[in-house]
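The block underneath contains the structure these notes are about, expressed in structure tokens.
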Amino acid sequence: TLFEGFRGELEASNAVREEIKAVSQSMDAETRKMQAALMGIHAGTDEAVASAVAKVREHLEPLRTLNAQLAAIMKQHPGQYYRYHDIWRHVHTSCAFLVAFVHWLEHGTLLTHAQVESELQLRHEEFGIDLEDYLVGVCSVSNEMPRYVVNRVTAGDYDCPAKVASFLSDLYAAFRLLNLRNDFLRKRFDGLKYDLKRVEEVLYDVKI
Amino acid sequence: TLFEGFRGELEASNAVREEIKAVSQSMDAETRKMQAALMGIHAGTDEAVASAVAKVREHLEPLRTLNAQLAAIMKQHPGQYYRYHDIWRHVHTSCAFLVAFVHWLEHGTLLTHAQVESELQLRHEEFGIDLEDYLVGVCSVSNEMPRYVVNRVTAGDYDCPAKVASFLSDLYAAFRLLNLRNDFLRKRFDGLKYDLKRVEEVLYDVKI
Amino acid sequence: TLFEGFRGELEASNAVREEIKAVSQSMDAETRKMQAALMGIHAGTDEAVASAVAKVREHLEPLRTLNAQLAAIMKQHPGQYYRYHDIWRHVHTSCAFLVAFVHWLEHGTLLTHAQVESELQLRHEEFGIDLEDYLVGVCSVSNEMPRYVVNRVTAGDYDCPAKVASFLSDLYAAFRLLNLRNDFLRKRFDGLKYDLKRVEEVLYDVKI
Amino acid sequence: TLFEGFRGELEASNAVREEIKAVSQSMDAETRKMQAALMGIHAGTDEAVASAVAKVREHLEPLRTLNAQLAAIMKQHPGQYYRYHDIWRHVHTSCAFLVAFVHWLEHGTLLTHAQVESELQLRHEEFGIDLEDYLVGVCSVSNEMPRYVVNRVTAGDYDCPAKVASFLSDLYAAFRLLNLRNDFLRKRFDGLKYDLKRVEEVLYDVKI
Amino acid sequence: GDAFRAYAKQLDAVNERRERLVKASRDVTIASKKVIFAVHRLPADGAGGGAEEAALGQAEKDLQLIRKTSIKRVAQELQDEDYWRFSRAFSPGMQEYVEATAVLHYAKTGRLLTYAEANAELSEVQDAGGQAFRLSAADYLLGITDLTGEVMRLAISSVAAGNKGAAASMAAFVGAVYEGFHVVPMVAELRRDLAKKLEVMRSSLVKIETASYMVHV
Amino acid sequence: GDAFRAYAKQLDAVNERRERLVKASRDVTIASKKVIFAVHRLPADGAGGGAEEAALGQAEKDLQLIRKTSIKRVAQELQDEDYWRFSRAFSPGMQEYVEATAVLHYAKTGRLLTYAEANAELSEVQDAGGQAFRLSAADYLLGITDLTGEVMRLAISSVAAGNKGAAASMAAFVGAVYEGFHVVPMVAELRRDLAKKLEVMRSSLVKIETASYMVHV
């Protein structure tokens, strides 16, 4: 009959989708565990932060393995990264968030897009993180800051607000230069503005 | 400042998008002319059909040239077909519709996915038509049938309804076998059922 | 962390769900093949109808096997039929539709709920078909009738409309006995009304 | 075919639109750079403010040049300002915001509509800024004030809140003179009310 | 304060002008609809005759009156850049006027009123700057899309009145208009409405063709 | 005809049972809300004392009564596969009951009521088949998400009453619950509501932390 030829093709595409979904779900479980561990920073003390960061780092290796599995699947379907991108987009933004946040907690600087990929041991030319996913992950880092600053001050670190305000201020200026076509990203960027304002108000409270 | 590195990357992606859009708009203008010419078949006579088909065929060469331009752009951005697919998706379904419909008018058979691509001189491994876009184009062929059958009967061709009913009936059975994940395509397929019913009613009117 | 005790229970439930989904997808593929085969009846001749029915019957055994597999899975999870019902609901209505329609084509009578189950070799007390799913399947039989009648008349069977009109009329009266609170079912029942009307119009055309 | 006569006229309009869009996009890039530079004021110190203002002023000349290009295009299409206004509306409100804010930072007073135009070297009778666009730009100035005041106080300028509160209070009274039928503008004006309230809260904190 | 008092005056003036234009546009719409109804009341047998002549003449006069009164009121509010500034306020009326003129033109001649003809009829109407008032291409085109719905109604009446040939010729006419719209370049002013109007036009066309088919089968 | 008469009876029976369950569930909800209000009326200074003891005891008795009356009415309607068939009808009540039990448990012990503890309290309630009536994991979890909103309200009252330490310990408690929810595997019954409830939980948490911060700055 008609169409006999590509029933196979459609079903193969469905099968690839299922295969990717299975790995993505494992990644989702992993990143959720890491996010739970990261919550520990909001206890606010230096020890709590150090311990949370250490716990997140423990999960990094499994996350790399799963990313490598995704990369291996996509290697068999060259040129189809963006065909299936919607499936792993969410976990990739979580990856970027986690890696960038932990790095900021340790060094106070922002990981670049390339650094996030190399931290996850991904080779961009084979299977990387989409630039917009990285930027969304960075916005998530910003979204966590007001809460972090409030809890640090409560725990007695009165220098934290100035440090974070300066970081977010640079980040905000950097984002403003981008011509954001993606509506979702633009919305997240609006949130960044609010985060900055909130952190500046904590800074103001501390000074007064 | 932060992000200096990939402002260029984002802007390059925006530029590619604009470049593709420009070609797509030309393709859109071309396919709209072809669709206008194709409307001539609804005058219903053999001469009208032959003349409309001839006019559509005249535009085929420019359409091939534009498709080749798109292919040339995408060749410079390997692996990004599905990143920009949404831009030309609509014109590609129009292409599939036009080529498949004209072929049906000439030979009474359905062009396969591969035949549509070769009619447009596209090499699938370089720059092809997405399978779902082809299927949507085929649904558009079906959507035109009730009107065509009515006008053919008005012009005196009483054999047309049986021929079309048999064609659509095969098409409908073929579609039912597909596991359609794409919601849009599934909706279009529902329309096909209605087209078939309508053509069968014309057949019934003619017989009674 | 908190809730650690749950993980096992919830993950087990997810595993059951995946297991059921796998069987349901096979059933879905099977019923789609059967529906495609069934469409052959619309060629309208006695031979076409007989041949389509025979083809559908060929797939009945695999469908029974798959239903038995579902039943076996659910036997291990007593009392949880309705926890997972949403997964196989759609295929069960297709099963009811197919079995009931084929029976009608052969004998001109409506299979009861219990007969549908026994045709599928399901024991209701172990793993049956939900009553509402059966009723939705019956509505699907009705929806196919207007097209069937039109095509039978086109093929020369002028007795068909009266037979179908009487069947649908009885069915309509029977449905009116039900207090339909389920919105989906009520909507499908509204369609039945329309089917009956259309068949009566054909009957009227034929009488004239 | 019909409407052939039109093609030229409509295609010419599309060409004008594309020409304007190209200049507008350059203006957009320019104003985004200026806004990023302007964010420097939130570091709060006098030097930071002076340096940010200086940086914004550097971009003023290119902005004037681009505005002159727009004016030149529109001179060739007399009477069609509002036909294409939607394209540059957004950048014109950004222009008004930037010029008015920088002026306020330097002199503490509000630039009038006419002054904004002359600062941009636009002749209103040839190609000006729409009054509503100017007013929206003024609202954006107001929206920036709460953050500015918080950061100035943090940096030790305790006179700033009183100055800004008085300015916003006058602005609020002035806006109340307008019968705002334009919904978008009215919404922005509602924001102004909130800005004033927030600045007065800071003023209250400082007084205590 | 003073500056804002001046702004208030400007905003009020613009809003009041817009209100007057909306009102004048509504008057154009109402009067145009009456002309369209009059065309539908013409005998559907296509036999012509004195009564039909008289009715067509009256409709022509009614259109002339619309131009001299309501459309003139629209034009007199406008000068230079005002046309595009306020076009959304008066477009609905102008589209209805195009529909009325075009349906009458079709009833009389069986042909499509062209953009040039439509503007020629308006040549005596001047705007506040003494310039001839013109239809925008978009208003003309959107008015014509609505014309096809009226022709569909004429076709159904003709078939009902036993005029077998009419439906076929009307199908050809609407088919040509529909085909023509496919090659009109997309401009910003059309983008919002055109796709939906073309859908409606296609369904009118299918209705005429079906009516024509019913007569044949 | 006869078959459909039998179907009608079956459908009616199912619908009537569902109605009864909805009603019993509503009664559970109303009574549970009363217990929650009672916990909020406890003195917020954390000083304990006889009045508080008495109020806690009364709340405990009220919960016992809910189990013996409304929840028993729910259970008595159910047997075998009925639990999942009708779970949507009685879930809202069970979630509110979990919330009430857990908030009381928190007020008394400062700890989270576990799933095992919650089910143990229900062990005397039997369904129509004589089996112990259990909470579904989803109802327990969704009830706990709402608990965090109540703890937030307790925290605000404590701060307002000058109890500086309370907010910090409540922030730690809600933080642990929030963290715990991140590692709960997603199941179908949770999918619909959980994301939204977690958003609400996070905002409760931020409110408690902010209250705690206000006391410190």
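The values are calculated or read from the model by the stated rules, or taken from the named source; none is laboratory data. Being a predicted model, the structure only gives us computed values, none of them experimental. Cβ placement follows ideal geometry from the backbone for every residue including glycine, while neighbour counts extend to all protein chains displayed.
Within segment C:57-79, is even one residue under 17 Å from the mean Cα position of the chain (by Cα), surrounded by fewer than 17 Cβ atoms within 10 Å (Cβ to Cβ), within 13 Å of another protein chain (Cβ to nearest Cβ) and part of a helix (DSSP H, G or I)?
No, segment C:57-79 contains no residue that is under 17 Å from the mean Cα position of the chain (by Cα), surrounded by fewer than 17 Cβ atoms within 10 Å (Cβ to Cβ), within 13 Å of another protein chain (Cβ to nearest Cβ) and part of a helix (DSSP H, G or I).
Sort through B:TYR194, B:TYR204, B:TYR158 and tell me the only one that's within 11 Å of another protein chain (Cβ to nearest Cβ), of a type in the set (Ser, Thr, Tyr), farther than 20 Å from B:HIS107 by Cβ and buried (at least 21 other Cβ atoms within 10 Å of the Cβ).
Exactly one residue qualifies, and that residue is B:TYR204.
Conditions first: (1) more than 10 Å from every other protein chain (Cβ to nearest Cβ); (2) more than 15 Å from the chain's Cα centre (by Cα); (3) hydrophobic (A, V, I, L, M, F, W, C); (4) crowded, with 18+ Cβ neighbours inside 10 Å. D:ALA54 passes all but one, so which condition is the exception?
It fails just one condition, (4).
Run D:PRO161 past the list (1) assigned to a helix (DSSP H, G or I); (2) touching a residue at least 24 places away in the same chain (Cβ under 8 Å); (3) closer than 22 Å to E:ARG85 by Cα; (4) not basic (Lys, Arg) and report the number of the one that doesn't hold.
The single condition D:PRO161 does not satisfy is (3).
Criterion first (under 25 Å from F:PRO92 (Cβ atoms) and outside the structural domain of F:GLU99 (by TED's automatic domain parsing)) does F:MET201 satisfy it?
yes
Would you mind finding the one in A:HIS92, A:HIS42, A:HIS85 that is buried (at least 19 other Cβ atoms within 10 Å of the Cβ), facing another protein chain (nearest Cβ under 9 Å) and either assigned to a helix (DSSP H, G or I) or aliphatic (A, V, I, L, M) (or both)?
Going through A:HIS92, A:HIS42, A:HIS85 in turn, just one is buried (at least 19 other Cβ atoms within 10 Å of the Cβ), facing another protein chain (nearest Cβ under 9 Å) and either assigned to a helix (DSSP H, G or I) or aliphatic (A, V, I, L, M) (or both): A:HIS42.
Given the criterion within 13 Å of chain C (Cβ to nearest Cβ) and either part of a helix (DSSP H, G or I) or more than 30 Å from F:ALA161 (Cβ to Cβ) (or both), identify the matching residue among F:GLN58, F:GLN95, F:GLN79, F:GLN64. Before the answer, list the steps.
On the way: F:GLN58 fails: within 13 Å of chain C (Cβ to nearest Cβ); F:GLN95 fails: within 13 Å of chain C (Cβ to nearest Cβ); F:GLN64 fails: within 13 Å of chain C (Cβ to nearest Cβ).
Result: F:GLN79 is the single residue among F:GLN58, F:GLN95, F:GLN79, F:GLN64 that is within 13 Å of chain C (Cβ to nearest Cβ) and either part of a helix (DSSP H, G or I) or more than 30 Å from F:ALA161 (Cβ to Cβ) (or both).
Go through the residues of segment E:23-35 one by one and say whether even a single one is hydrophobic (A, V, I, L, M, F, W, C), closer than 28 Å to E:VAL159 by Cβ and either away from chain D (no Cβ under 14 Å) or assigned to a helix (DSSP H, G or I) (or both).
yes
Please verify whether segment F:87-107 includes one or more residues that are aromatic (Phe, Trp, Tyr), in contact (Cβ under 8 Å) with a residue 24 or more places away in the chain and over 30 Å from F:ALA13 (Cβ atoms).
Yes, there is a match, as at least one residue in segment F:87-107 is aromatic (Phe, Trp, Tyr), in contact (Cβ under 8 Å) with a residue 24 or more places away in the chain and over 30 Å from F:ALA13 (Cβ atoms).
Sort through B:VAL141, B:VAL99 and tell me the only one that's within 14 Å of chain A (Cβ to nearest Cβ), at pLDDT 95 or above and assigned to a helix (DSSP H, G or I).
B:VAL141
Does D:ALA68 satisfy being without any contact (Cβ under 8 Å) to a residue 12 or more places away in the chain, under 30 Å from E:SER87 (Cα atoms) and not charged (D, E, K, R)? Steps first, answer last, please.
Numbers: without any contact (Cβ under 8 Å) to a residue 12 or more places away in the chain: no; under 30 Å from E:SER87 (Cα atoms): yes; not charged (D, E, K, R): yes.
Criteria not met by D:ALA68.
Have a look at B:LEU98, B:LEU120 and point out the one that is surrounded by fewer than 23 Cβ atoms within 10 Å (Cβ to Cβ), touching a residue at least 12 places away in the same chain (Cβ under 8 Å) and within 14 Å of B:MET27 (Cβ to Cβ). Break it down stepwise before answering.
Working: B:LEU98 fails: surrounded by fewer than 23 Cβ atoms within 10 Å (Cβ to Cβ).
Exactly one residue qualifies, and that residue is B:LEU120.
Counting only residues that are among the aliphatic types (A, V, I, L, M) and either touching a Gly at 6+ places or on another chain (Cβ under 8 Å) or surrounded by fewer than 22 Cβ atoms within 10 Å (Cβ to Cβ) (or both), give me the helices (runs of 4 or more DSSP H) lying completely in segment E:133-217 with at least 3 of them.
Ranges flagged: E:137-160, E:164-182, E:194-216.
Please work out which one of (1) at pLDDT 95 or above; (2) more than 12 Å from chain C (Cβ to nearest Cβ) is the condition F:MET214 fails and give its number.
Of (1) at pLDDT 95 or above; (2) more than 12 Å from chain C (Cβ to nearest Cβ), only one is false for F:MET214: (1).
For segment E:139-192, name all the residues that are under 30 Å from D:LYS21 (Cβ atoms), hydrophobic (A, V, I, L, M, F, W, C) and more than 9 Å from chain D (Cβ to nearest Cβ).
Result: E:LEU142, single match.
Look through A:LEU171, A:LEU110 and report the one residue that is among the aliphatic types (A, V, I, L, M), touching a residue at least 60 places away in the same chain (Cβ under 8 Å) and over 20 Å from A:LEU38 (Cα atoms).
A:LEU171
Of the conditions (1) within 11 Å of another protein chain (Cβ to nearest Cβ); (2) free of Cβ contacts under 8 Å to residues at least 40 places away in the same chain; (3) of a type in the set (A, V, I, L, M), F:ALA195 satisfies every one except a single condition; which number is it?
(1)
Could you please give the count of residues in segment D:175-204 that are part of a helix (DSSP H, G or I), without any contact (Cβ under 8 Å) to a residue 24 or more places away in the chain and of a type outside the set (Phe, Trp, Tyr)?
Residues flagged as part of a helix (DSSP H, G or I), without any contact (Cβ under 8 Å) to a residue 24 or more places away in the chain and of a type outside the set (Phe, Trp, Tyr) within segment D:175-204 amount to 7.
Residues in segment D:26-39 that are buried (at least 21 other Cβ atoms within 10 Å of the Cβ) and over 15 Å from A:ALA173 (Cα atoms): how many?
Total meeting the criteria: 1.
Checking B:LEU120 against (1) closer than 26 Å to B:ARG17 by Cα; (2) over 15 Å from the mean Cα position of the chain (by Cα); (3) more than 13 Å from every other protein chain (Cβ to nearest Cβ), which test does it fail?
(2)
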